[in-house]
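The values are calculated or read from the model by the stated rules, or taken from the named source; none is laboratory data. Quantities reported herein were computed from a predicted structural model and do not represent experimental measurements. Cβ placement follows ideal geometry from the backbone for every residue including glycine, while neighbour counts extend to all protein chains displayed. To get the accessible areas, we keep the full protein, side chains included, count just its heavy atoms, and leave off ligands, DNA and RNA. Shrake-Rupley method; radii C 1.70, N 1.55, O 1.52, S 1.80 Å.
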Amino acid sequence: MGMGARTNTEELETYLELQNGSDVRGVAMEATTTTTSTRLPVNLTQERAAEIAGAFARWLRTRLATGGALASSSGDGRANGSRDGGGQLRIAVGRDPRLSGAALSEAVQMALALEDCEVYDLGLCTTPAMFMCTVLPGHEYDGALMLTASHLPPDRNGMKFFTRHGGANKKQVKQLLEEACAHAQSPQGYAARWSSAAASHASPATVDFLPVYAAFLCERIRQNVNHPTEYATPLRGLHIVVDAGNGSAGFFVHQVLQPLGACTDGSQFLEPDGTFPNHVPNPEAKEAIEATTAAVQQHGADLGVVFDTDADRCGFVDASGEALNRNRLIALMAAIVLRDHPGATILTDSVTSNGLATFIESRGGRHFRYRKGYKNVIDKAMELNDAGIDCPLAIETSGHGALRENYMLDDGAYLAVKIISELVRQRLRGNTGGLSAMLADLPEPREASEFRLRLPLDRYKQEGARIVQAFHDWVVDGNAAPPGWRLERENYEGWRVAVDEGNGRAGWLLLRPSLHDPLLPLNVESECDGGLRTICRTFYQWAQARFGDVLDLSPLQRVL
């Protein structure tokens, strides 16, 4: 497990490259085929994963001993208990079905044992369940570590960190990586102690936690529906198909839907398979929605649910085959939440449609459009709640959705609980139009697309910042600005520009730096036939003249 001859600076750079916002993500194994991923060198090794886990344990012990926590929790309904620093830390480890997961989990567990922690192996699990193991009675572990890379290709893996106060944030993850690197290169580093540790390593306690988490979800559905005659089995008569994408969410069929009485015939790809042989497990992906739609229509189901790999995201398909994801999912959740929280703020990421804002406002709510990144929207919602602003829902177009009533945890299964409960309540009230009927007045764009414009890999941050700033300056320059283009009033990342398309119609475009990749995403929406082409042509002409030598504009060619 040695690292070879590398300088301290080189190794620190490698550790820091593993940061992906508030997560750790990297290449954990050689790509098995040329189609699964770009072939990249392995950088999330067993040794690095072990050092990061050890850093988490040491950091957590220090924080708990001083009464601290991973994240601020005031006003969000999280548990507030803390240890006094005595005794062993109790840390749970879970993973998704990736092929590298077992080896990384073994390394992580060994490191935690070397840090004198009681280690609990939860095995195959979901990311939300790993947080819930820190708060549900009978478990309440001091910390939890999840090995997952969400929907990324099979050669990738990653790490997420939890206490009962929530998940680590970006700053804290950076601190963990710096501490892990320093420890690895010290005399206390695990590499020198690995063989002796392996010989004396006691097996961790094995815990089958998914049934505990599933029982929690079942009870929430029972309470939400409060069925007058079928309280224990409120889903009797309902047909729901689940597409788990060969990730960790198959339990939702066998341990949640079926015990509550639902028919689940037609559910597919429930068996965990780290090669993800059927389609990318991503509720945003066209192939995932199409596969779920086909299952709904073939089996005459009332609803389809599609999960991502670690089940912190989801999307839906209604009985008519209509996709309920992205803006439509946000609108549906907003309608449900605003009924119980009149006048509340619904917080979303930056690429939601104009029509969504209109929809939320028509129901008495306020739309707060913030940044991309699930942790960004969750943390902002917590900040608003702490400031006394009622913000019960934070949700991204990606399908990450967090509710204050559920610890502000982005939990795809809990979103499914809310949607399924709503469908049953609608039926009990005699409304047979289905969930899509709740969105009948949602204004939707005529045309919409995202273009990912690549930058030079060796200087993408500098060039990206320069181009985004130049875009802003061009729009606000009264002599150069395209007719009818103006900056939106609120911008928290990149620049979103409103486009007057005439006759009361309005398009928009947003140019922003990517959170993780060497590119600039360009999102464009139009309320006119052909409007997408018109907006893109104007942008293309400007960008080609100014930055054609550094910005790859070829993705725009498909609409020009």
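Hey, any hits in region 417-434 for a residue that's touching a residue at least 24 places away in the same chain (Cβ under 8 Å) and within 30 Å of G504 (Cα to Cα)? There is no residue in region 417-434 that is touching a residue at least 24 places away in the same chain (Cβ under 8 Å) and within 30 Å of G504 (Cα to Cα). Residues of region 334-374 that are more than 24 Å from V524 (Cα to Cα) and touching a helix residue (DSSP H, G or I) at 6+ places or on another chain (Cβ under 8 Å): A335, I336, L338, A344, T345, R363, G364, G365.
Test of understanding: among E230, E219, E287, which residue is open to solvent by 10 Å² or more (accessible area, probe 1.4 Å) and in a loop (DSSP other than H, G, I, E, B)?
On the way: E219 fails: in a loop (DSSP other than H, G, I, E, B); E287 fails: in a loop (DSSP other than H, G, I, E, B).
Of the residues listed, the single one that is open to solvent by 10 Å² or more (accessible area, probe 1.4 Å) and in a loop (DSSP other than H, G, I, E, B) is E230.
Residue check: G364 meets all listed conditions (1) open to solvent by 10 Å² or more (accessible area, probe 1.4 Å); (2) at negative phi but one, namely (2). Please verify whether D349 is charged (D, E, K, R), in contact with a Ser or Thr (Cβ under 9 Å, 6 or more places away or on another chain) and farther than 18 Å from R313 by Cβ, treating the condition exactly as stated. Taking the combined requirement at face value, the residue does not satisfy it. The residues of region 378-409 that are over 16 Å from the mean Cα position of the chain (by Cα) and among the acidic types (D, E), listed by number, are E383, D386, D390, E405.
A quick yes/no check of all residues on (1) within 20 Å of D310 (Cα to Cα); (2) modelled with pLDDT under 95; (3) under 19 Å from the mean Cα position of the chain (by Cα):
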position: A102; (1), (2), (3): yes, no, no
position: D121; (1), (2), (3): yes, no, no
position: M130; (1), (2), (3): yes, no, yes
position: D142; (1), (2), (3): no, no, no
position: L152; (1), (2), (3): yes, yes, yes
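Within region 87-100, restricting attention to residues that are of a type in the set (A, V, I, L, M, F, W, C) and under 23 Å from the mean Cα position of the chain (by Cα), which residue is farthest from W59 (Cα to Cα)? In this case the residue turns out to be L99.
Inspect region 6-24 for any residue being open to solvent by less than 10 Å² (accessible area, probe 1.4 Å), at pLDDT below 95, within 13 Å of A180 (Cβ to Cβ) and not basic (K, R) and give the result as yes or no. Looking through region 6-24, at least one residue is open to solvent by less than 10 Å² (accessible area, probe 1.4 Å), at pLDDT below 95, within 13 Å of A180 (Cβ to Cβ) and not basic (K, R). Filter region 90-125 down to the residues that are part of a strand (DSSP E or B) and at negative phi and list them by number. R90, I91, A92, V93, G94, R95, E118, V119, Y120, D121, L122, L124 - these are the residues of region 90-125 that are part of a strand (DSSP E or B) and at negative phi.
Identification of strands (runs of 3 or more DSSP E) wholly contained in region 297-393 with 3 or more residues that are within 30 Å of L99 (Cβ to Cβ) yields 303-307, 314-318.
Selection of first residues in region 492-506 that are on the phi > 0 side of the Ramachandran plot and of second residues that are surrounded by 15 or more Cβ atoms within 10 Å (Cβ to Cβ), restricted to Cβ pairs under 7 Å at least 6 apart or on distinct chains, gives the following pairs, ordered by first then second residue: G494/V468; G494/L510; G494/L511; G494/R512; G494/P513.
From the set of residues in region 247-257 that are open to solvent by less than 10 Å² (accessible area, probe 1.4 Å) and in contact with a Pro (Cβ under 9 Å, 6 or more places away or on another chain), which is nearest to K418 (Cα to Cα)? Please lay out each step first, then the result.
To start, the set of residues in region 247-257 that are open to solvent by less than 10 Å² (accessible area, probe 1.4 Å) comprises 247-250, 252-253, 256-257.
Still in the running and in contact with a Pro (Cβ under 9 Å, 6 or more places away or on another chain): 247-250.
Values: G247: 21, S248: 20, A249: 16, G250: 18 Å.
Per the stated criteria, the residue is A249.
Of the strands (runs of 3 or more DSSP E) contained entirely in region 469-560, those carrying at least 3 residues that are touching a strand residue (DSSP E or B) at 6+ places or on another chain (Cβ under 8 Å) and either open to solvent by 20 Å² or more (accessible area, probe 1.4 Å) or farther than 19 Å from S449 by Cα (or both) fall at 485-487, 495-502.
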